[in-house]
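The values are calculated or read from the model by the stated rules, or taken from the named source; none is laboratory data. The structure displayed is predicted, hence computed values, not measured ones. Positions of Cβ are generated from backbone atoms using ideal geometry, with glycine treated the same way; all protein chains shown enter the neighbour counts.
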Amino acid sequence: MIGYEELQNELKKSIIHNCYVFCGMEEQLIKEGVKAICDKTISGGFSDLNYAKFDGTNVEFETILNACETMPFMNDKKVVVIYRANFLSDNKNKPSGVEGDDGILKSLSKYMDNLPQHCILIMYYVYQGDREKISNKVKKLQQKVCVGEFNKLKGMMLEKKVKLKFDEMGKDIGRAELSLFCSTVDNNMEVATNEIEKLCAYTLGREIKKEDIIFLLPRKSDNDIFDLVDFISQKKAEKALGILNELIFRGEKSTVVLSMIERQFKLIFLIKLGLESGKTKDNLSSELKLHPYICEKMIMQSRKFTTKGLQKALMSCLETEKTLKSSSFDDKTEMELLIINTLTA
């Protein structure tokens with residue numbers, strides 16, 4: 001099994017596999033990996049004729065077979081991509097393909113043994129949560145295909161990738177500023193790329209300063225609140241309380257933490273109401289001014305709560321706010337009680 005960096009190294013050495021299966025949390029890196037394979041293997045002015053892409057949630061095996069068997073035009077290779085190949089996942093809540101997961105996977109598994117040399121078949125799906133791991137279905141294919149897992153970059157790998165993004169934008173960033181950016185931004189490349197574009201536009205014509213990064217990027221506490229509410233949705237009191245205690249230890253005021261929790265619950269509540277009325281992710285992302293990635297994550301959170309449960313959580317926030325402003329009770333204790341009360345939402 002390989003990762004993003006290993007794939008890039010293999011491509012530099014012109015090591016190209018006949019079939020790839022990619023999975024992981026980082027769809028942006030997966031897409032970049034697919035593009036790198038295409039750039040390496042499809043040349044000339046006929047790239048569109050030698051590239052085919054299908055949605056794995058509704059494609060039929062015969063369609064994939066025909067695309068793979070068709071000879072490339074004025075090129076040695078052609079690339080066939082199946083995105084949202086959820087039939088490769090063990091997730092029981094995923095949408096199935098038109099032939100059913102077992103049917104299309106069985107047909108593809110058998111076909112991989114006879115995949116023509118002129119074709120590069122790439123299939124990928126994105127994990128639905130941070131705790132999802134490579135599926136048993138994919139593990140069974142490792143003898144036939146090259147499997148790549150693309151998860152969040154960390155440390156030097158994250159800094160290297162972010163620096164490359166700044167270079168692509170034609171913008172220089174100092175080492176100290178780069179380190180601050182990487183320690184502040186959510187290590188999701190789609191989000192990071194969006195923040196890089198904002199930062200480059202904001203500092204157009206001058207160098208990037210630390211103050212710019214602090215001013216523009218979302219606070220880490222926002223991410224902590226997201227995780228805190230996520231643990232509440234999973235009924236994991238100890239982990240939720242752990243994040244609360246860490247925020248207070250870092251010097252965040254209880255009233256500020258409370259307002260952030262309340263805002264998170266309010267957004268989830270609005271998203272849930274929107275979904276029930278038939279609104280799409282794009283509609284909600286635009287109306288609530290949320291990044292599409294963040295909106296998608298919050299949609300997943302909303303499904304873990306009932307509408308009444310969210311109403312109860314919001315009422316608990318209001319009651320806690322009233323208590324904090326009108327009594328001399330210990331703020332930390334009141335916040336801990338809020339977490340316990342919302343666990344039953």
Report whether or not Phe61 is in contact with a Ser or Thr (Cβ under 6 Å, 6 or more places away or on another chain), crowded, with 18+ Cβ neighbours inside 10 Å and of a type outside the set (Asp, Glu).
yes
Under 8 Å by Cβ, and 6 or more places apart or on different chains, what pairs join a residue from segment 110-121 that is of a type outside the set (Phe, Trp, Tyr) with one that is surrounded by fewer than 13 Cβ atoms within 10 Å (Cβ to Cβ) and in a loop (DSSP other than H, G, I, E, B)?
His118/Met71; His118/Asp76
When every residue in segment 1-58 that is of a type in the set (Ser, Thr, Tyr) and under 21 Å from Pro72 (Cα atoms) is compared, the one surrounded by the most Cβ atoms within 10 Å (Cβ to Cβ) is Tyr20
Restricting attention to segment 304-322, does a residue exist that is under 16 Å from Asp227 (Cα atoms) and surrounded by fewer than 15 Cβ atoms within 10 Å (Cβ to Cβ)?
no
Filter segment 257-271 down to the residues that are closer than 17 Å to Glu287 by Cβ and more than 21 Å from the chain's Cα centre (by Cα), then identify the one that is surrounded by the fewest Cβ atoms within 10 Å (Cβ to Cβ).
Arg263
Turns out the helices (runs of 4 or more DSSP H) fully within segment 231-345 with at least 3 residues that are of a type in the set (Gly, Ala, Ser) are 237-249, 254-276, 307-326
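Residue-wise test of (1) surrounded by 19 or more Cβ atoms within 10 Å (Cβ to Cβ); (2) under 23 Å from the mean Cα position of the chain (by Cα); (3) within 30 Å of Ala85 (Cα to Cα).
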site	(1), (2), (3)
Gly148	yes, yes, yes
Asn151	no, yes, yes
Lys154	no, yes, yes
Asp172	no, no, no
Ala176	no, no, no
Tyr202	no, no, no
In the set Ile208, Ile134, the lone residue that is more than 30 Å from Asn114 (Cα to Cα), β-branched (Val, Ile, Thr), buried (at least 18 other Cβ atoms within 10 Å of the Cβ) and outside the structural domain of Thr306 (by TED's automatic domain parsing) is Ile208
Scanning segment 167-188 for residues that are of a type outside the set (S, T, N, Q) and within 20 Å of His291 (Cα to Cα) gives Phe181, Cys182, Val185, Asp186
